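Okay, so here's the structure we're looking at.
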């Protein structure tokens, strides 16, 4: 079993839909990172969080440390949100960075 | 600021040759990261520098890989000798603590 699991692996949505991508982890962490990788390959850092919730525009990220779970929400989705969304965790103690396998999102117009 | 600048964008080299990838972080950022991305293994962290000092290089695959950060504005990742299995996209990223985490555009390396 992977130490960082994302679900779903693939997601197709209609423009305007509310989208949730989940990330569960089995290790102790100091922080969790959400990344977005566009079809052209460029990577953008969306959020780094260690507790609670962060919001930026139409994106919201939450984390529940006790449940070892984080969610990334996209409100009013748009075709330009189509990308691979990657969850990564910084483990606590030793510096180790573990990536999830990514969620491929396609938003249809 | 022009962001994190990586060079070259593409590199094709023959097996056994030395390859040097370069990264210029964002001015003022104190952390620098080298990542590798392949279809088989996805994204992997290779090495992390903080204030120009390597903090963790446990992700560096083997002795053929080395990374340096001689000053706050420049880092290199060297592969010597290169092998076909090193073919990947190599990303550099920089940050100030957990803030302003920015990735470069990547270097696509092909070893034939």
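Values for this structure:
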{"item": "Subset of the range A:25-49 [more than 8 Å from chain B (Cβ to nearest Cβ) and part of a loop (DSSP other than H, G, I, E, B)]", "result": "A:26, A:27, A:28, A:38, A:39, A:40"}
{"item": "Hits in the range A:50-64 - residues which are assigned to a loop (DSSP other than H, G, I, E, B) and out of contact with any strand residue (DSSP E or B) (no Cβ under 7 Å at 6 or more places or on another chain)", "result": "A:57"}
{"item": "Residues that are closer than 19 Å to residue B:48 by Cβ, in contact with a strand residue (DSSP E or B) (Cβ under 6 Å, 6 or more places away or on another chain) and outside any strand (DSSP E or B), drawn from the range A:80-99", "result": "A:92, A:95"}
{"item": "Residue that is surrounded by the most Cβ atoms within 10 Å (Cβ to Cβ), among those in the range A:1-11 that are modelled with pLDDT of 95 or more and either under 9 Å from the mean Cα position of the chain (by Cα) or not in a strand (DSSP E or B) (or both)", "result": "A:6"}
{"item": "Qualifying residue in the range B:52-63 (condition: free of Cβ contacts under 8 Å to residues at least 60 places away in the same chain, farther than 24 Å from residue A:100 by Cβ and part of a strand (DSSP E or B))", "result": "yes"}
{"item": "Subset of the range A:12-41 (residues that are farther than 17 Å from residue A:62 by Cα, in contact with a strand residue (DSSP E or B) (Cβ under 7 Å, 6 or more places away or on another chain) and at pLDDT 95 or above)", "result": "A:12, A:13, A:14, A:15, A:37"}
{"item": "Checking residue B:101 against (1) out of contact with any helix residue (DSSP H, G or I) (no Cβ under 6 Å at 6 or more places or on another chain); (2) touching a residue at least 60 places away in the same chain (Cβ under 8 Å); (3) surrounded by 21 or more Cβ atoms within 10 Å (Cβ to Cβ), the condition it does not meet", "result": "(2)"}
{"item": "Options B:49, B:65: the member that is within 14 Å of chain A (Cβ to nearest Cβ) and in contact with a strand residue (DSSP E or B) (Cβ under 7 Å, 6 or more places away or on another chain)", "result": "B:49"}
{"item": "Qualifying residues in the range B:82-103 (those that are more than 12 Å from chain A (Cβ to nearest Cβ) and assigned to a loop (DSSP other than H, G, I, E, B)) - the one nearest to the chain's Cα centre (by Cα)", "result": "B:87"}
{"item": "Number of the exception - residue A:53 against (1) free of Cβ contacts under 8 Å to residues at least 24 places away in the same chain; (2) surrounded by fewer than 15 Cβ atoms within 10 Å (Cβ to Cβ); (3) within 14 Å of chain B (Cβ to nearest Cβ)", "result": "(3)"}
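The values are calculated or read from the model by the stated rules, or taken from the named source; none is laboratory data. Please read these numbers as outputs of a predicted model, since none were measured by experiment. Cβ coordinates were reconstructed from backbone atoms using ideal geometry, including for glycine residues, and neighbour counts include every protein chain displayed.
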